[in-house]
Amino acid sequence: MIRVIRARAFFRAALLLLALGLARDRVDAWIDATVIPPLVPVTSVEVLDREGVLLRAYTVENGRWRLPVTLAEVDPDFIALLLAYEDRRFHDHAGVDWRAMARAAWQVARHGRIVSGASTLTMQVARLLEDSGTGTWRGKLRQIRLALALERQMTKDEILTLYLHLAPYGGNIEGVRAASFTWFGQEPRRLTTAEAALLVAIPQAPNSRRPDQNPDNARATRNRVLARALRFDVLSAEDVAAARAEPLPEARRDFPILAPHLADRLVAEDPAGRHRLTLDATLQAQMEALARDAVRGQGDRLNAAIMVMDHRTGAVLASVGSADYTDTARQGFVDMTRALRSPGSTLKPLIYGLGFEAGLVHPESLIADRPTRFGDYAPQNFDRQFRGELSVRRALQASLNVPAVALLDAVGPAELMTRMRRAGMVPQLPVGQPGLAVALGGVGVTMEDMIRLYGALAAGGARVPLHYRQGAAGADPVQVLSPVAAWYTGDILSDMPPPPTAPRNGLAYKTGTSYGHRDAWAFGYDGRHVVGIWLGRADGASVPGAFGADRAAPLLFEAFARIAPRLAPLPPPPRGALTVGHDALPGPLRRFAGRDGATGDPEAPEIAFPPDGAVLARQPGLPMIARVDRGTPPYTWLWNGRPVEIGQQMREVSIGQPDEGFAHLTVIDSEGRGASVFLEITAP
């Protein structure tokens, strides 16, 4: 009965159009007066990687998937099959195929039912734009009128693109791109012949031709598309035979959901359009798999987070906020790359770098590891043991607490906080002013903060403009540490013994464990990448047995193994680096004297000129003069950590012709007491 009603409606509409054809002027006016609905369909907000690979998409109204697409993004074979099956004269008619209409009307009159359709792709677009029915002659006439109007307003490619967005594919799937992800898990730019034919077949009866629910019907219709393509020489017999043999998809696939935490955050900041990120989809998937592997079999609360950044540009290549975004037991919805946590010992490299920059120590200087009280604070090493006197290099590699606190006592906790902020970090103190406990993790930071810090160490001490969006503008260059101090630090970290199962490959890395085993950290870098690893519980509870060296470090080495088969080499020593053994060091640098020997003494040296923060114009042919007050000669002068005058008895010295840029000048007297100033040398 329904087919008879539709046939009558079709016949009446055809007769009416024939009558209207006798009055051409009236028809033109009728078409021009057509009210055209909005022609820009609402499409899903997308998050794409650096190469345009889909990371995540969001549904439009009523929970429908409708992904944006262009003709260039669709396999040409699909377009060829679509036109062969639905509308062979698409490029020749003006919205209505009158030859097909006449043929269909004759068949209706002769057989009393619809034998073949006459609906063009433009008419189908008209129906989809207004969701108008086809069971009445008025509905069919409205489609014809709107199709004729569309052809006057749009190009053929624009009409075809609308169809690619609006074609129904069953359930909440609309458009060829969403359908391609649903049934084949891929973009529609490269489809097999069988896949293209199936996507052509489904829209005419989307619910009854779904391959997961009605495979026989889906296969039969797909094969009709192939047969028609063979009939009109679109495909060869061999192509059709191969396509017929290809199996149908058996179930719907999930849409990609890579970097969900980051995607949610960036879309919340800007809810519209396409978001092109710096992430690498393949690397992101690998890091997400690594995080899942790390917590598998470790209880239902342990979680993990991973970040990978290119420290040459600041582009984030992977950001894993949790081991499983959907795991409520692990609180997987919490983005642990931005959660405030204690860094444990992972700030120690910056403390040692400040000591190098201030001329207090050299990697081969000796430093004491013995019971020491700093006012009311008496730090202990993790194992409650003390090593006595050892090199600064060994003290950092062993992550000893007392030497790190002694160095921080000398450079000052406020200076450490200043450098952290200079790196782009936003450290949070529990209460009041920073104290020496900051050296051992007594400050709140995020993984993003720490990636910025280690990125600066890897980049020769320069601040790295961490960013997630393609084309983000870089910040003005800021020096966090001097190049020499950053290189000393990296040289020590690259000589760290690797985990038992990892290769000794020169990766510069540091681990850390926060108080109470709440956080296990590992950060590392080579000549290109910096990687951060976190293990713990999102609720901040203790994880017994969680140590950065035992749990996080192996993951760090595994992450680098997945990034590239070989590490990018670290840079060579910069100019001014003193690559000598302990015995060849200047006297004041052979042994760390501590704060009492370096500051706080009224007789300690003070640089009278240049003053701290001075901006001096470089004078060609004239040396720069520096002067020290107080202190006991002989003096050792260091420029950016490099000795330039040793055993100098005079209080006024010539520094030579310094290069333009920011610099750090240090003087150390014979008692090991020192003073430093920061200055800038500009062009004449």
Checklist outcome for this item: Arg210 vs (1) in contact with a strand residue (DSSP E or B) (Cβ under 6 Å, 6 or more places away or on another chain); (2) outside any helix (DSSP H, G or I): all pass except (1)
Checklist entry - Scanning for something in contact with a Pro (Cβ under 6 Å, 6 or more places away or on another chain), crowded, with 21+ Cβ neighbours inside 10 Å, among the small types (Gly, Ala, Ser) and within 29 Å of Ala486 (Cα to Cα), does the stretch 310-319 turn up at least one residue? => result yes
Item to check | Of all residues in the stretch 366-407 being among the acidic types (Asp, Glu) and assigned to a loop (DSSP other than H, G, I, E, B), the one that is surrounded by the most Cβ atoms within 10 Å (Cβ to Cβ) | outcome: Asp383
Checklist outcome for this item: Here the residues within the stretch 439-461 that are touching a helix residue (DSSP H, G or I) at 6+ places or on another chain (Cβ under 6 Å) and either assigned to a loop (DSSP other than H, G, I, E, B) or surrounded by fewer than 24 Cβ atoms within 10 Å (Cβ to Cβ) (or both) are Gly460, Gly461
Checklist entry - Before we move on, is Leu266 modelled with pLDDT of 95 or more and under 12 Å from the mean Cα position of the chain (by Cα)? => result yes
Checklist outcome for this item: Taking the stretch 286-305 and keeping only residues that are aliphatic (A, V, I, L, M) and crowded, with 17+ Cβ neighbours inside 10 Å, one is left with Met287, Leu290, Ala291, Ala294, Val295, Leu302, Ala304, Ala305
Checklist entry - Which residue, of Asp324, Asp310, is closer than 23 Å to Asp550 by Cβ, modelled with pLDDT of 95 or more and of a type in the set (D, E, K, R)? => result Asp324
Checklist outcome for this item: Of the residues in the stretch 610-641, those that are touching a Lys or Arg at 6+ places or on another chain (Cβ under 7 Å) and within 15 Å of Gly359 (Cβ to Cβ) come to Val628, Gly631
Item to check | Of all residues making up the stretch 560-608, the number that are more than 18 Å from Val361 (Cα to Cα), in a loop (DSSP other than H, G, I, E, B) and modelled with pLDDT of 95 or more | outcome: 6
Next on the checklist: For the stretch 420-437, which positions are part of a helix (DSSP H, G or I) and crowded, with 22+ Cβ neighbours inside 10 Å?
Outcome noted: Met420
Item to check | Out of Gly647, Gly672, sole residue that is more than 46 Å from the chain's Cα centre (by Cα), in a loop (DSSP other than H, G, I, E, B) and surrounded by fewer than 22 Cβ atoms within 10 Å (Cβ to Cβ) | outcome: Gly672
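Rundown of residues vs (1) modelled with pLDDT of 95 or more; (2) surrounded by 15 or more Cβ atoms within 10 Å (Cβ to Cβ), yes/no style:
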{"position": "Pro168", "(1), (2)": "yes, yes"}
{"position": "Val176", "(1), (2)": "yes, yes"}
{"position": "Ala194", "(1), (2)": "yes, yes"}
{"position": "Pro203", "(1), (2)": "yes, yes"}
{"position": "Asn207", "(1), (2)": "no, no"}
{"position": "Ala220", "(1), (2)": "yes, no"}
{"position": "Ser236", "(1), (2)": "yes, no"}
{"position": "Phe255", "(1), (2)": "yes, yes"}
{"position": "His261", "(1), (2)": "yes, yes"}
Checklist entry - Asp369: charged (D, E, K, R), without any contact (Cβ under 8 Å) to a residue 60 or more places away in the chain, touching a Pro at 6+ places or on another chain (Cβ under 7 Å) and farther than 26 Å from Ala568 by Cβ, yes or no? => result yes
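The values are calculated or read from the model by the stated rules, or taken from the named source; none is laboratory data. Predicted model, so just to flag it, every value in this text is computed and none were measured. No Cβ is skipped: glycine too gets one built from the backbone with ideal geometry, and neighbour counts run over all protein chains shown.
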